[in-house]
Amino acid sequence: MANQELAKIFYEIADRLASEDVEFKPYAYQRAAVTLETLEEDVKEIYERGGERALKEIPGVGESIAQKIEEYLKTGKIKYYEKMKKKLPINLEELLKVEGMGPRKAKVLYQKLGVRDLKSLERAAKTHKIASLPGFGEKTEKNILEGIAFVKRSKGRFLLGYIMPTVEEIVGRLRELREIQNLSVAGSVKRMQETIGDVDILATSKDPKKVIEFFTAKMPGIVKIWGKGPTKASIRVKEGFDIDLRVVPEKSYGSALQYFTGSKEHNIKTRKIAITKGLKLNEYGVFRGSKMVAGKTEEDVYRAIGLPVMPPEIRTDEGEIEAAMAGKLPHLIGYSDIKGDLHCHSKWDGGLNSIEELAESAMQMGYEYIGISDHTKFLHIEHGLDEKKLSRQRKEIYELNARFKTQNKKFRILQGCEANIMPDGSIDIADDALAKLDYVIAGVHSQMKMPKEKMTERIIKAMKNPNVDIISHPTGRLIQKRDEYQIDFERILKAAKETGTILEIDSFPDRLDLKDANIRAAKEAGVKMVINTDTHAKDQMNFMKYGIAQARRGWAEKEDIINTRPVEGLLKFFK
DNA sequence: GCCGTTTTCGGCCCGACTGTTTTCAGTCG
């Protein structure tokens, strides 16, 4: 979609203007970029509908940016941007990933040393050409080298599911310290974003020094410590990411939590609201003149500026503040609302655990049911089940369910499968075999690079199959690895609504598919969803929380998600 | 460059840290 390409260009124009010390314009371009990035309608469609006039109705887009959008749609290029790139021919996007590198430094390094990209930056730093430049020094050079290593190692961001176990362990250890009164994660972890840059933790204490000492000495797996002061410190853990701890005064804990939780965009909006009420909001509190009027809790802070507390997952300035003002905040699905996991692979298709083991885990998690959904025969490599094996598996499930009944366990195993949607939209297994299952998941596992029109048709045809109840990982992306398939999501939603097909939110940390924007669109279209883990080993059933977070970030409520219902209610959603 | 229940002109969110300086620029969140 042109929106994303244009957003990227406008972000870069903003950075390039900043490198030239231009005032305020960078902010304008950035604003336009943010809006475009989250805009649901394709700018191309907006333009075709109403020309430049319609473009100017997009918030943050005025005369000049509208013209640039028009130019891009017509010619695929923006002369103003091309000129900028000629003037400063560097890969700014790549260079800015290095911590401590900003547009100004990048420009100087190009002018003095000809640095154009990560490679030439590394060469310049390694040959000690940077340290002697005015405004730079030994330390800067060293930081650049470390920054480059960091970018290379991690691409700068980590999957939430990768860092969360470590974060939970560290928070757990800190909680043991008597000197700590309040403790919370903040930042993107608190907002449960898909990927995390670094981890922020906030605490209050009567003895901040002791807390910092404990943090820098006793946390497991520390490889580096820096920024150590009386109330703060940063560590890097062996998993490769950074954790900042700040000890703040009790009276500012709420405002600090609000501030450090963000998002940045959410904070900008809340500060502006504060200003309209004659108040100033920062990480220390809410102030009228020099008088502090709130700060102890987030509730106090938001109340002071006339808002209710919003769930961290939706603090993105994508309408939550307006919803809060109107008293129309969604009642997001809760982390304990799920009653069963319907996408679990067993030993039958090469998963790690038996059906019985998976069922035991599900019971321990407090679920009322579990759905076994092994791959079907097209996926040889995953030991896909054919009609006969499905039939034998059914017998095993029947016997287990019978046993649970005699043991008075209120728990049921459902038999499903994860069938393959073939390139022509057909399903790789006979309809009468599918009809005998409790439900059928279908997903695309081959030929993922089909053109948009064909891929959309393919999935819609599968949804029209009277046995297909759920579409698994509907967009096929792998975060940081593979893009989504090309699909017309609006048409998919329409077909899902018409056929009563459920869309899955896959909780696997590198999938999280549907993504937040798609979930929000599905909810608005009245399409039901299911949150599953796509478990291949019983421990992975714990990924459920990431799927729930994803649903919350997409504003989903309990009633939008079918596996919040008891089994009888759940079964009603299946065709 | 954008925008308007204080404005069609004059403002744009805000504070802290780092590394370089000797009062500050650049970057970050």
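Take the conditions (1) within 19 Å of A:Leu160 (Cβ to Cβ); (2) surrounded by 22 or more Cβ atoms within 10 Å (Cβ to Cβ); A:Val530 misses just one of them, which is (1). For the stretch A:534-563, how many residues are surrounded by fewer than 23 Cβ atoms within 10 Å (Cβ to Cβ), within 21 Å of A:Ala359 (Cβ to Cβ) and not hydrophobic (A, V, I, L, M, F, W, C)? Of the residues in that region, 6 qualify. Residues of the stretch A:320-355 that are touching a residue at least 60 places away in the same chain (Cβ under 8 Å), within 23 Å of A:Thr38 (Cβ to Cβ) and of a type in the set (Val, Ile, Thr): A:Ile333 alone. Of the strands (runs of 3 or more DSSP E) contained entirely in the stretch A:322-424, those carrying at least 2 residues that are more than 26 Å from the chain's Cα centre (by Cα) and assigned by TED's automatic domain parsing to the domain that holds A:Phe543 fall at A:369-372, A:412-415, A:418-420. If I filter the stretch A:18-32 down to residues being without any contact (Cβ under 8 Å) to a residue 60 or more places away in the chain and part of a helix (DSSP H, G or I), which single residue comes out as surrounded by the most Cβ atoms within 10 Å (Cβ to Cβ)? In this case the residue turns out to be A:Ala32.
On the basis of being of a type in the set (Lys, Arg) and modelled with pLDDT of 95 or more, does A:Lys449 make the cut?
Judged against the criteria, A:Lys449 is not a match.
Report yes if A:Arg303 is among the basic types (Lys, Arg), assigned to a helix (DSSP H, G or I) and away from DNA strand B (no atom under 15 Å from the Cβ), otherwise no. Yes: the conditions hold for A:Arg303. When A:Leu257 is tested against (1) closer than 16 Å to A:Ala186 by Cα; (2) more than 9 Å from DNA strand B (Cβ to nearest atom); (3) surrounded by fewer than 20 Cβ atoms within 10 Å (Cβ to Cβ), just one condition goes unmet, and that condition is (3). Within the stretch A:18-31, one or more residues are near DNA strand B (Cβ under 8 Å from one of its atoms), modelled with pLDDT under 90, within 30 Å of A:Lys523 (Cβ to Cβ) and not assigned by TED's automatic domain parsing to the domain that holds A:Glu265.
Looking across the stretch A:111-135 at every residue that is in a loop (DSSP other than H, G, I, E, B) and of a type in the set (Ser, Thr, Tyr), the one that is modelled with the highest pLDDT is identified as A:Thr127.
Going through (1) crowded, with 16+ Cβ neighbours inside 10 Å; (2) modelled with pLDDT under 90; (3) near DNA strand B (Cβ under 9 Å from one of its atoms) one by one, A:Asn3 falls short only on (3).
Yes/no matrix, rows are residues, columns are (1) crowded, with 19+ Cβ neighbours inside 10 Å; (2) over 30 Å from A:Arg173 (Cβ atoms); (3) in contact with a strand residue (DSSP E or B) (Cβ under 6 Å, 6 or more places away or on another chain):
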position: A:Thr231; (1), (2), (3): no, no, yes
position: A:Lys264; (1), (2), (3): no, no, no
position: A:Arg271; (1), (2), (3): no, yes, yes
position: A:Lys277; (1), (2), (3): no, yes, no
position: A:Arg288; (1), (2), (3): no, yes, no
position: A:Glu298; (1), (2), (3): yes, no, no
position: A:Glu313; (1), (2), (3): yes, no, no
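In the stretch A:133-148, the residues that are over 18 Å from A:Gly227 (Cβ atoms) and without any contact (Cβ under 8 Å) to a residue 60 or more places away in the chain reach residues that are within 6 Å of DNA strand B (Cβ to nearest atom) and part of a helix (DSSP H, G or I) with C-beta atoms within less than 8 angstrom, at least six apart or across chains, in these pairs: A:Phe136/A:Lys105. Across the stretch A:276-289, not a single residue is classified as away from DNA strand B (no atom under 15 Å from the Cβ) and without any contact (Cβ under 8 Å) to a residue 40 or more places away in the chain.
The values are calculated or read from the model by the stated rules, or taken from the named source; none is laboratory data. This structure is a prediction, so every number in the text was calculated from the model and none was measured. Note: ideal-geometry Cβ built from the backbone for every residue, glycine included; neighbour counts use all protein chains shown.
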